[in-house]
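> Here it is: the structure, laid out below.
The values are calculated or read from the model by the stated rules, or taken from the named source; none is laboratory data. In this text, all values refer to a predicted model and were calculated from it rather than measured experimentally. Quick reminder, even Gly has a Cβ in these numbers, built from the backbone with ideal geometry, and neighbours come from all protein chains shown.
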Amino acid sequence: MDNDETIGILNELIETCRDGQEGYKEAAENAKSPDLKAFFKERGQERARCATELQQQVRALGGDPEDTGSTAGALHRAWINVKGSLTGKDDEAILSEAERGEDSAVKAFEEALNEGLPPNLRTILEREYRTVKNAHDRVKQMRDAKSASAGRK
């Protein structure tokens, strides 16, 4: 894989992280539960840190890193759809939307890891993938718990 392809893959992941950062910010602003607000804020900070780390790698490769989220037509940008649909929703609905965004992020990292990236970058992406996957699984778990408790009411 050449340098430009590697930079392209990293820039797509930066967009994914920025989308997640913005999606989590929106989710935190619209969540009712203080615990959920705090959880979303933490996940947003996690995505910002991930984007910054990937930007450093792009610079190290001599490229220009993305510094914003995705634009129209980009692949796998469910978080953009999430952002516009949260206002007025209950926490369960917000968690469902967040899970859809996380599904997209998990897929983006899995696709990147299937590319022939250099070992040093692969190590970084594997670590970030685990962070994204853990967030996804936690959001799903929280959504399932909210759904189960709502069903008992």
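> Checking the condition touching a helix residue (DSSP H, G or I) at 6+ places or on another chain (Cβ under 9 Å) and modelled with pLDDT of 95 or more, which residue from Glu102, Glu126, Glu97 passes?
Glu126
> Taking Gly62, is it more than 21 Å from Asn30 (Cα to Cα), of a type outside the set (Val, Ile, Thr), modelled with pLDDT of 80 or more and part of a loop (DSSP other than H, G, I, E, B)?
In short, yes.
> Okay, moving on. Out of Ala78, Ala31, which single residue is surrounded by 18 or more Cβ atoms within 10 Å (Cβ to Cβ), closer than 21 Å to Val106 by Cβ, modelled with pLDDT under 90 and in contact with a Lys or Arg (Cβ under 6 Å, 6 or more places away or on another chain)?
None of the others qualify; the one that does is Ala78.
> Condition first: in contact with a Leu (Cβ under 9 Å, 6 or more places away or on another chain) and hydrophobic (A, V, I, L, M, F, W, C). Now tell me which residues in the stretch 30-66 satisfy that.
The answer is Ala31, Leu36, Cys50, Ala51, Leu54, Val58, Leu61.
> Is it fair to say Val106 is more than 28 Å from Asn3 (Cβ to Cβ) and either in contact with a Cys (Cβ under 7 Å, 6 or more places away or on another chain) or β-branched (Val, Ile, Thr) (or both)?
No.
> Name the residue, out of Lys133, Lys153, Lys140, that is modelled with pLDDT under 90 and farther than 27 Å from Asp4 by Cβ.
Lys153
> State all residues of the stretch 121-153 that are basic (Lys, Arg) and farther than 24 Å from Val58 by Cβ; if no residue qualifies, say none. Talk me through it step by step, then tell me what you get.
Of all residues in the stretch 121-153, those basic (Lys, Arg) come to 122, 127, 130, 133, 138, 140, 143, 146, 152-153.
Hits for the stretch 121-153 are Arg138, Lys140, Arg143, Lys146, Arg152, Lys153.
> Here's another thing I want to ask about it. Suppose the filter is over 22 Å from Gly44 (Cβ atoms), assigned to a loop (DSSP other than H, G, I, E, B) and in contact (Cβ under 8 Å) with a residue 24 or more places away in the chain; does Leu121 pass it?
Criteria not met by Leu121.
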